[in-house]
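The values are calculated or read from the model by the stated rules, or taken from the named source; none is laboratory data. The structure displayed is predicted, hence computed values, not measured ones. Heads up, the Cβs are rebuilt from the backbone with ideal geometry, glycines too, and the neighbour counts pull from every protein chain shown.
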Amino acid sequence: MILTPSQNEENITYSLFIFTYKFFCEIFGQDVMAAEKCILINEPISSCPMLIINRNPIRLCTSVESASYYCQYIYQLSHELTHYAIRQGKIDKNITIKWFEETLCEAMSLYILDLSAQRWDECGLSNNNPNYFRSILEYLKKEYNREGNSMVNSCKTLNDLKYIESTSESERANRILERNYLYKTFKDMPKDIKNIIYYTQYLHGIMVNFDKWKEEIGDENIIFLKKLEGIQPAI
């Protein structure tokens, strides 16, 4: 990503961006994360954070009310940076499976919070607030323990999954169990996370053709793909 902060971008937000962005470069590679120019902005009045792709250059918009909300900023930014990384693995930039991609992004937000707590001393802001990692851990615990269920797992027909697809951004609680499962998978297999950016190359409608993906990915990543496959309903 080529960072072009908006004129009113605050130093605190910029420091948190650099801190978080570093993790994504480690996970997906510098080439992926610098592949496309993107303007970084924070709009507190925005209804929700989003990656705006119908602009040139594209924009990554967070909606944090105050620069002092470090955890919220990391959480929102990580979600949108995951969308950005996945976008770089797409042959057709406009293709997505919302239920699947949103779950990946939500799990990455938890994973990056976890990393941020572990490596808080690497953030410039830690000089003035060295114990802030405790607040990150509390925020992570609160998000992880949010109440929800698994409507994905209970899907019996393609129409059931289509409903999840259509509500994936407004009813996130329906995928909390899948999100938490992927978060734990990412923690267990951090070196394999980079493979998620290629999921759109193995689509079958609103499902992923994991059989084809496993055939092409190589033996060293098979276990990780089997873990990813675990969130897809058996329809």
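Go through (1) more than 23 Å from Q201 (Cβ to Cβ); (2) among the basic types (K, R); (3) over 17 Å from the mean Cα position of the chain (by Cα) for R172 and report which single condition fails.
(3)
Scan the stretch 127-156 residue by residue and report those that are at pLDDT 95 or above and of a type in the set (S, T, Y).
Y132, S135, Y139, Y144
Would you kindly identify the helices (runs of 4 or more DSSP H) lying entirely within the stretch 155-225 that contain at least 3 residues that are farther than 19 Å from T96 by Cα?
Per the criteria, 176-188, 210-217.
Please pick out the residue among L225, L203 that is surrounded by 14 or more Cβ atoms within 10 Å (Cβ to Cβ), touching a helix residue (DSSP H, G or I) at 6+ places or on another chain (Cβ under 8 Å) and either at pLDDT 95 or above or among the charged types (D, E, K, R) (or both).
Step by step, each of L225, L203 is checked, and only L225 is surrounded by 14 or more Cβ atoms within 10 Å (Cβ to Cβ), touching a helix residue (DSSP H, G or I) at 6+ places or on another chain (Cβ under 8 Å) and either at pLDDT 95 or above or among the charged types (D, E, K, R) (or both).
Quick check on my filter: what residues within the stretch 179-206 are within 27 Å of D160 (Cβ to Cβ) and free of Cβ contacts under 8 Å to residues at least 24 places away in the same chain?
K184, Y202, H204
Quick one: which of I136, I235, I164, I176 is buried (at least 16 other Cβ atoms within 10 Å of the Cβ), farther than 23 Å from K22 by Cβ and touching a residue at least 60 places away in the same chain (Cβ under 8 Å)?
Only one candidate qualifies: I164.
Taking strands (runs of 3 or more DSSP E) that do not extend beyond the stretch 1-112, which have at least 3 residues that are closer than 30 Å to H204 by Cβ and modelled with pLDDT of 90 or more?
Hits in the stretch 1-112: 50-52.
From the list I91, I95, which one is surrounded by fewer than 18 Cβ atoms within 10 Å (Cβ to Cβ), touching a strand residue (DSSP E or B) at 6+ places or on another chain (Cβ under 8 Å) and more than 20 Å from I39 (Cβ to Cβ)?
Details: I91 fails: touching a strand residue (DSSP E or B) at 6+ places or on another chain (Cβ under 8 Å).
Residue meeting the stated conditions: I95.
Can you tell me which residue within the stretch 113-133, out of those that are free of Cβ contacts under 8 Å to residues at least 40 places away in the same chain and either touching a strand residue (DSSP E or B) at 6+ places or on another chain (Cβ under 9 Å) or part of a helix (DSSP H, G or I) (or both), is farthest from E178 (Cα to Cα)?
Per the stated criteria, the residue is N127.
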